[in-house]
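Student: Encoded as structure tokens, here's the structure I'll be asking about.
The values are calculated or read from the model by the stated rules, or taken from the named source; none is laboratory data. A quick note: this is a predicted structure, and the numbers were derived from the prediction, not measured. Please note: Cβ atoms are built from the backbone with ideal geometry, for glycine as well, and neighbour counts cover all protein chains shown. Surface accessibility is based on the protein's heavy atoms, side chains included, excluding ligands, DNA and RNA. Shrake-Rupley method; radii C 1.70, N 1.55, O 1.52, S 1.80 Å.
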Amino acid sequence: MKHNRIWWQTGVIYQIYPRSFLDTNGDGTGDLRGITEKLDYLAWLGVDVLWISPIFLSPMVDFGYDVADYTKIDPLFGTLADFDALLNAAHEKDIKILLDFVPNHTSDQHEWFLEARASRDNPKRDWYIWRDAKADGSPPNNWMSYFGGRAWTFDEHTGQYYLHNFAPEQPELNWRNPDVEAAIHDQLRFWLERGVDGFRVDVIDRIIKDEQFRDNPQNPNWKTGDEPSWRYRRVYSEQRPEVMPFFRRLRKFMDSYEDRVIIGETAYDAPLEKLVTYYGDAVGETGRGDGIHMVYNFNLIETVWQAEQIKAHVDFYEGLLPDYGAPNYVLGNHDQPRLASRIGAMQARVGAMMLLTLRGAPTIYYGDEIGMTNVEIPPERVQDPQAKGTNGFNRDECRTPMQWDDLPNAGFTDEGVQPWLPVAEDAGAVNVMTEQEYSQSMLNLYQRLLTLRRETPAIREGSYVPLSTELGVFAYLRQGGDETYLIALNFTGAVRTLHFDDFDSGYILFSTLMDGYRKPDFSARLSVLDLRPDEGIIVRLA
């Protein structure tokens with residue numbers, strides 16, 4: 001079936017945390033061959049794009065987000081040959097590959113930083129951000145690290161502070177130096193020449209800092225006992241307006257390759273008004289934007305799970321987007337509590353229907369399709385540097401091994417091997433093998449929704465029209481060609497009666513409960529329609 005839009009504007013993205021997907025060599029950590037081995041599963045599921053979290057050479061202080069060499073695969077995950085095999089096998093199944101690229105900072109073990117740290121007059125000194133101490137020897141300003149403490153570390157050898165918004169082992173690159181920008185483009189070129197389809201770019205809104213390094217203002221909402229890293233509003237350390245010229249040059253570079261994409265990650269608290277500006281301005285005969293191809297919208301993860309709040313977010317976002325800006329929705333990722341833990345198993349089914357029927361490109365986090373939940377991590381097995389440095393969420397809890405079957409270690413690694421993080425206690429029931437055999441499972445819900453999306457142009461590519469409904473219900477139309485679909489989602493644990501006077505009847509295609517109660521019937525009257533507790537339905541209007 002021919003798609004009318006570019007693949008990344010409507011394709012379903014599936015995020016893989018490679019350490020936790022499948023271990024094929026018995027070391028307790030997932031690897032590239034494990035992803036290749038599960039491509040048949042991913043094709044059956046119906047996803048279009050794989051976003052693979054970092055696999056580059058790294059000391060793993062932040063599990064790959066501290067890159068020591070952008071053009072080498074870390075041996076933990078395999079070899080460059082293993083990656084090429086994965087890329088080719090995925091392409092044979094018409095699955096695209098996005099690499100997770102980290103241009104804001106490197107590892108302190110990267111050869112660039114080793115040179116920069118060697119002396120103040122080293123040619124690469126200005127590739128990173130160095131500042132003198134204040135007169136009293138304190139850090140240059142009040143900027144705070146996301147991982148706890150000040151965002152500055154003093155280098156005894158050269159007598160200056162260097163900047164790191166994350167761990168001290170993750171020094172910030174100086175993107176105001178044109179040599180750094182050119183070098184990063186060269187690293188991207190290495191992977192583009194190999195056939196990679198694009199990149200999810202980490203913290204892309206933070207690559208430019210205030211040129212005067214002014215103190216961040218106090219956060220008026222911060223109070224004693226709150227996480228210290230949020231004591232100041234990050235006005236000068238990120239989301240600077242000066243970043244747009246860099247985005248435009250990056251877009252021009254990427255567009256020199258056919259059919260490739262940059263999807264940018266921005267701060268979770270980035271206002272939607274700011275986020276949509278990163279798409280850039282319309283240019284040329286195509287009328288496409290000149291900024292980032294697409295920007296991840298993580299706001300739904302932190303939006304209160306109520307129909308009215310979710311609807312308000314979607315409507316506001318849709319109204320802000322330029323015509324050339326495809327929307328993006330995310331309900332889970334490697335930095336946030338799992339969807340089923342946040343909103344419960346039944347509402348996670350409603351969330352799945354919403355995610356896969358809204359306009360744009362949705363992202364599924366590995367394991368959400370089987371209803372995986374957070375796993376409590378014993379103190380002695382905590383790995384996350386953020387959890388060790390702050391009182392925030394321990395990201396290990398949402399990064400535990402994928403649950404493939406009911407065998408020991410859930411089929412993630414060999415029996416007798418200790419996985420890098422504990423396997424969930426419910427893995428004997430919540431796993432791919434068991435759920436594939438149970439027709440009403442979360443997994444079969446996702447697979448059927450993905451099939452419906454792929455086979456239904458109006459849902460995949462059509463317009464979005466919000467509807468007014470009862471409290472606790474989010475309802476909208478997806479329209480395309482001569483087809484119109486009604487999606488009605490009950491965010492409550494009670495029956496909700498809907499009244500649609502403008503619609504005569506419809507064909508009820510699907511219910512999230514998948515219990516046979518909803519019989520497909522063109523004569524179903526829609527003037528009065530009952531939604532059961534925690535139910536979402538899709539109706540093809542007659």
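Student: Select from region 434-465 the residues that are outside any loop (DSSP other than H, G, I, E, B) and surrounded by fewer than 15 Cβ atoms within 10 Å (Cβ to Cβ) and list them in ascending order. Before you say what the answer is, go through the steps one by one.
Tutor: Keep residues of region 434-465 that are outside any loop (DSSP other than H, G, I, E, B), which gives 434-436, 442-455, 457-461, 463-465.
Answer for region 434-465, where residues must be outside any loop (DSSP other than H, G, I, E, B) and surrounded by fewer than 15 Cβ atoms within 10 Å (Cβ to Cβ): 451, 455, 463, 465.
Student: Only one of 26, 34, 30 is touching a Ser or Thr at 6+ places or on another chain (Cβ under 8 Å) and surrounded by fewer than 22 Cβ atoms within 10 Å (Cβ to Cβ); which?
Tutor: 26
Student: Tally the residues that are within 15 Å of residue 206 (Cβ to Cβ) and either among the aromatic types (Phe, Trp, Tyr) or open to solvent by 30 Å² or more (accessible area, probe 1.4 Å) (or both), restricting the search to region 162-172.
Tutor: Of the residues in that region, 1 qualify.
Residue-by-condition table, conditions (1) open to solvent by less than 20 Å² (accessible area, probe 1.4 Å); (2) closer than 30 Å to residue 318 by Cβ; (3) touching a strand residue (DSSP E or B) at 6+ places or on another chain (Cβ under 7 Å):
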{"position": "368", "(1), (2), (3)": "yes, yes, no"}
{"position": "371", "(1), (2), (3)": "yes, yes, no"}
{"position": "389", "(1), (2), (3)": "no, no, no"}
{"position": "396", "(1), (2), (3)": "yes, no, no"}
{"position": "403", "(1), (2), (3)": "yes, no, no"}
{"position": "426", "(1), (2), (3)": "no, no, no"}
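Student: Okay, next question. For the list (1) charged (D, E, K, R); (2) in contact (Cβ under 8 Å) with a residue 12 or more places away in the chain; (3) part of a helix (DSSP H, G or I); (4) open to solvent by 20 Å² or more (accessible area, probe 1.4 Å), I need the number of the one condition that residue 186 fails.
Tutor: Unmet condition: (2).
Student: Continuing with the same structure: Which of the residues spanning region 251-297 are under 30 Å from residue 221 (Cα atoms) and of a type in the set (A, V, I, L, M, F, W, C)?
Tutor: 267, 270, 272, 275, 276, 295
Student: Could you tell me which residue of region 237-259 is nearest to residue 298 (Cα to Cα), considering only residues that are open to solvent by 70 Å² or more (accessible area, probe 1.4 Å) and assigned to a helix (DSSP H, G or I)?
Tutor: 241
Student: Moving on to the next point. In this structure, does residue 17 turn out to be modelled with pLDDT of 95 or more, closer than 21 Å to residue 362 by Cβ and open to solvent by 10 Å² or more (accessible area, probe 1.4 Å)? Spell out the reasoning first.
Tutor: Working: modelled with pLDDT of 95 or more: yes; closer than 21 Å to residue 362 by Cβ: yes; open to solvent by 10 Å² or more (accessible area, probe 1.4 Å): no.
When the stated conditions are applied, residue 17 does not pass them.
Student: Please verify whether region 407-418 includes one or more residues that are at pLDDT 95 or above, buried (at least 17 other Cβ atoms within 10 Å of the Cβ) and aliphatic (A, V, I, L, M).
Tutor: yes
Student: So, one more: Any idea which of 70, 65 is at pLDDT 95 or above and in contact with a Pro (Cβ under 8 Å, 6 or more places away or on another chain)?
Tutor: Only one candidate qualifies: 65.
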